[in-house]
1. Between Thr40 and Asp66, what is the label-to-label distance in nm when each label sits 7 Å out along the Cα-to-Cβ direction?
2. Hey, got the dipole for region 51-174? About the Cα centre, +1 on K and R Cβ, -1 on D and E Cβ, debye to the nearest 20?
3. Out of Ile30, Val50, Asn20, whose Cα points farthest toward the positive end of the dipole of region 1-82 (charges: +1 Lys, Arg; -1 Asp, Glu; placed on Cβ)?
4. Out of all Cα-Cα pairs in region 141-182, roughly what percent, to the nearest whole number, are more than 11 Å apart?
5. Leaving out ligands and nucleic acids, note down the accessible area per residue over the chain with a 1.4 angstrom probe, in whole Å².
6. Over all Cα pairs of the chain, how is the pair count split among 5 Å bins, expressed in % and running from 0 up to the last occupied bin?
7. Skipping prolines and chain starts, which residues have an amide H placed within reach, meaning under 5 Å, of the one on Asn20, given they are 5 or more residues away or on another chain?
8. Could you give the dipole magnitude of region 2-120 about its Cα centre, charging the beta-carbon of Lys and Arg +1 and that of Asp and Glu -1, in debye to the nearest 20?
Amino acid sequence: MICKPMKVIDKTGYEVILRNAEINDAEDLIKYLKITTSETPYLIREPDEVTLSLEQEQNFIQRVMDSDRELMLVAIIDGKHIGNCSLMGIGEYRRYHHRCSVAIALYQEYCGRGIGKIMLQTVLEIAKEIGYEQVELEVIADNKNAIALYENLGFEKYGHFPDNMKYEDGKYADAYWMMKKL
């Protein structure tokens, strides 16, 4: 999906450009995945599991751009990619046509500035406009800041996944399934 770029101001007064990911963002997006997976334990991959080739990432971006019901929204400050928020259908079957999932991550240095909230609000509006009726996400149970943001935006907890992730040190993390009706 292609969306019109927009300018917003974060809590610190910086101008943030929100736009759909483009093919020439592929290298930055791979770098972003490698860094953000090392900055937080709340993402599903370990840094060494980010093994996408440039061509694979370009193909993924093109597929999302060509889709009528999927979006990868990137945030840019001073020409630098600082995060992204994705909107993906749950499945191609008609019985799932009303459902979508969202995922978001920012470089840690940009967290707490309201950018994630603005991105999620934008993606939720787009999801509703294109006909989705409910938005779903998974969040690690001790990610208090993310849970507070999601609840502030109207998401509710509907499920609990014990031992959802197992870290390299042998520890486990539970997760919640959260959903918002549009």
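The values are calculated or read from the model by the stated rules, or taken from the named source; none is laboratory data. The model shown is predicted, which means the values in this text are computed figures rather than measured ones. Please note: Cβ atoms are built from the backbone with ideal geometry, for glycine as well, and neighbour counts cover all protein chains shown. Side chains are part of the model used for accessible areas, which takes the heavy atoms of the whole protein and leaves out ligands, DNA and RNA. Shrake-Rupley method; radii C 1.70, N 1.55, O 1.52, S 1.80 Å.
1. So the label points at Thr40 and Asp66 sit 3.1 nm apart.
2. Details: 13 positive and 20 negative charges, 46 e Å.
My answer is approximately 220 debye.
3. Farthest towards the positive end: Asn20.
4. Working: 572 of 861 pairs.
Here the long-distance tail beyond 11 Å is 66 percent of all Cα pairs in region 141-182.
5. On the way: 10350 Å² over 182 residues.
Result: 57 Å² of accessible area for each residue.
6. All Cα pairs considered, the percentages come to 1, 8, 16, 19, 21, 19, 11, 3, 0.
7. Amide H neighbours of Asn20, under 5 Å, 5+ apart: Cys3, Val74.
8. Values: 15 positive and 18 negative charges, 134 e Å.
Using only the charged Cβ atoms, the result is roughly 640 debye.
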